[in-house]
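The values are calculated or read from the model by the stated rules, or taken from the named source; none is laboratory data. Keep in mind that what you see is a predicted model, and the values were worked out from it rather than measured. Here the Cβ is made from the backbone with ideal geometry for all residues, glycine too, and neighbour counts use every protein chain on show. Areas reflect the complete protein model, heavy atoms only, side chains present, ligands, DNA and RNA absent. Shrake-Rupley method; radii C 1.70, N 1.55, O 1.52, S 1.80 Å.
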Amino acid sequence: MADKKNLRTPIVCVMGHVDHGKTTLLDKIRGTAIVSGEAGAITQHIGATEVPIDVIIDKLGDPRLRDRFIVPGLLFIDTPGHHAFTTLRSRGGALSDLAIVVVDINEGFKPQTYESLQILKRFKTPFVVVANKIDRISGWVSQKDLPFAATFKKQSEDVQARLETKLYEVIGELYNQGFAAERYDRVTNFQKTLGVVPVSAVTGEGIPDVLMVLLGLAQKFLEVNLQYSAEGPGVGTVLEVKEEKGLGATLDIILYDGTLKKGDTVVIGSLGEPIQTKVRALLKPRELSEIRYESKFKQVNKVTAAVGVKISAPGLEGALAGSPIRVATEETLDEIVAQVKSEIDEVRIDTGSVGIMIKADTLGSLEALVHEFQKDEVPIRKAEVGDISHRDAIEASTVEDPLYSVIIGFNVKVHPDARDFLQESTVKVFTSDVIYRLVEDYQKYVKEQQE
Ligand code: GDP
Ligand code: MG
């Protein structure tokens, strides 16, 4: 067994279709941990919530489990929507160690459910499926916060049958997507079979089971990935670039390796040359008990992975969401700048030859889009992070081939002057916040053009 000291907290992303219950589930996990009585046990990070192993074990109600798990806890990413997963990237890989895919058991699969599964498959990220909103199954009698088996036993036979029917529809859909899946308590080998946990994020039924499965996955799959050196230079990913009153542009980052200190020189990816700056302040959210302070944040001098933290520093305006942030010393600075630059360049495409134009909100979503279109052998002339600008519109309009006089926009805005221009032009624009829908729409367009 690995040395406990050197295992960092696994990073968990919640994915799934809008309104299927991602935020509610996270709130419940957070709330559960708070009411479990260990004051201060749960740590609120910037963009993330850490639930320590002791709180989880407490929740599971079997102290004998304590020795079975070696991870120090779970770090849940709070960023709304499932885009956190693609934002949390590192060099073509996913930074999220584990994921939860939430699906409304009554609604079944929706576009973003499919998209989540495709992304997870591509990155080979271990995950659990949460079949949410079981309290809405007709006749369900809620049993607040009980594990699934206990609440299931208390339901009438009719209700149990209804749940099973809906559950196996979800399992059938997973099968169609290439995943062998089962109700999680019927899974004998989680390496081969995906566990599906019936849950109500509102009543808390089944939540202990979700935590249990996540710990199990962390244990089975991640021991090696989670080895880290606490003393090493900090490495992280930018979750968001955020304007804060009195601070200007700040970065919300997830540090996944090493240590970051106030005063450190950091290198951050941007559209141009990497940003080099000195950390002015490291900020964490205040505890609820500290609301008498005016600022939402408190300063810390040092953080160690895995942690979510806000960075205040000069010159952060051009930083890119999804790009790396690395601590450098005088000796390593040149090397680190080159490294960050090449990490960004790997994703961007700016060849000036034939192909479509892709604009996306983060480096990670851009990477996913480029991957999908390249898989379809669609040539790409330009791919970059940012809204659709007037210049983009003009550039696309100079392309003669209608198949390539195209702008694909993922989760980006069209600037008003670009919009005016585009309305008058023959440029075809596709925008969506679902990656595979953009790919499908483009394919359909190509077919139409060829007819
Ligand atoms: P998100 O878009 O995936 O983050 O979904 P939300 O967490 O915002 O949930 C969307 C709506 O579904 C909200 O009105 C929630 O209260 C509701 N909801 C979420 N989970 C459950 C659940 O388990 N049971 C019921 N009845 N409603 C839920
Ligand atoms: Mg939400």
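Give me the number: length gained by fully extending Gln276 to Ser142, i.e. 0.36 nm times residue separation minus the C-alpha to C-alpha distance, one decimal in nm.
42.9 nm
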Inter-part distance where the stretch 346-418 and the stretch 242-281 are each reduced to a Cα centre, Å
27
Amide hydrogen neighbours beyond the local backbone of Thr43, cut-off 5 Å, H modeled
Glu50
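Kindly sort Glu231, Glu367 by accessible area of their heavy atoms, largest first, with the probe set to 1.4 Å. Display every interim value, and only then the final one.
Values: Glu231 160, Glu367 30 Å².
The ranking, largest first, comes out as Glu231, Glu367.
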Between Arg122 and Ser342, what is the spin-label point distance in nm, taking each point 7 Å from the Cα along the Cα→C-beta axis?
2.3
For the stretch 293-363, the Cα-Cα pair-distance distribution in 5 Å bins from 0, as whole percents, is 3, 9, 17, 18, 21, 12, 9, 6, 3, 2, 0, 0
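Have a look at the DSSP beta bridges in the chain and tell me what percent are antiparallel, nearest 5.
Numbers: 49 of 84 bridges.
Around 60 percent antiparallel, to the nearest 5.
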Using θ = phi - 60° and the Karplus curve 6.51 cos²θ - 1.76 cosθ + 1.60, what whole-Hz ³J(HN,Hα) does each residue of the stretch 117-129 get, with Gly and Pro shown as x?
5, 4, 5, 5, 5, 4, 8, 6, 7, x, 8, 10, 9
Taking Lys and Arg as +1 and Asp and Glu as -1, residues besides Gln443 with C-beta under 15 Å from its C-beta add up to -2
Mind checking the full-extension length gain between Ile394 and Asn301? Use 0.36 nm per residue of separation minus the Cα-Cα distance, one decimal, nm.
28.7 nm
With labels modelled as points extended 7 Å from the Cα through the Cβ direction, what inter-label distance (nm, one decimal) is found for Thr426 paired with Lys220?
5.5
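For the chain, with all protein chains present and a 1.4 Å probe, just round the carbon and sulfur fraction of the accessible area to a whole percent.
On the way: 9810 of 19980 Å².
Ligands and nucleic acids excluded, carbon and sulfur reach 49 percent.
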Listed peptides 96-102, 295-301 by packing density, highest first (mean Cβ within 10 Å)
96-102, 295-301
Could you list the GluC sites (Glu not before Pro) in the stretch 309-343 that lie in coil according to DSSP, counting only those with at most 16 other Cβ atoms within 10 Å of their Cβ?
Glu317, Glu330, Glu331
Would you kindly find the accessible area of Met212, with a 1.4 Å probe and non-protein molecules such as ligands, DNA and RNA excluded, rounding to the nearest 10 Å²?
60
Over the Cα atoms of the stretch 112-218, what radius of gyration and what Dmax do you get, in Å?
13.7, 41
Considering every pair of different Cα atoms, what Kirkwood radius, in Å, is found for the stretch 348-415?
11.7
Under 5 Å between amide H atoms, partner at least 5 residues away or on a different chain: which partners does Ala201 have, H built in plane at 1.01 Å?
Lys133, Ile134
Per residue of the stretch 441-446, in order, report the coupling 6.51 cos²θ - 1.76 cosθ + 1.60 (Karplus, θ = phi - 60°) as ³J(HN,Hα) in whole Hz, putting x for Gly and Pro.
4, 5, 4, 5, 4, 4
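Can you give the relative contact order of the chain as a percent, counting alpha carbon pairs under 8 Å and 6+ residues apart? All intermediate terms of the calculation are to be shown ahead of the outcome.
Numbers: 960 pairs, mean separation 60.2, N = 451.
Relative CO of the chain lands at 13 percent.
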For the stretch 195-287 the trypsin sites (Lys or Arg not before Pro) that pass both the DSSP coil test and the at-most-12 other-Cβ-within-10 Å test are Lys245
Any idea how far apart Asp387 and Ala161 come out in nm if each label point goes 7 Å out from Cα toward Cβ?
5.6
Rg/Rh over Cα atoms for the chain, Kirkwood Rh, comes to 0.99
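Can you list the trypsin sites (Lys or Arg not before Pro) in the stretch 358-451 that are in a DSSP coil and have 15 or fewer other beta carbons within 10 angstrom? Provide the component values of the computation, followed by the final result.
Details: sites: Lys359, Lys375, Arg381, Lys382, Arg391, Lys413, Arg419, Lys428, Arg437, Lys444, Lys447; in loops: Lys413.
Hits after loop and neighbour filter: Lys413.
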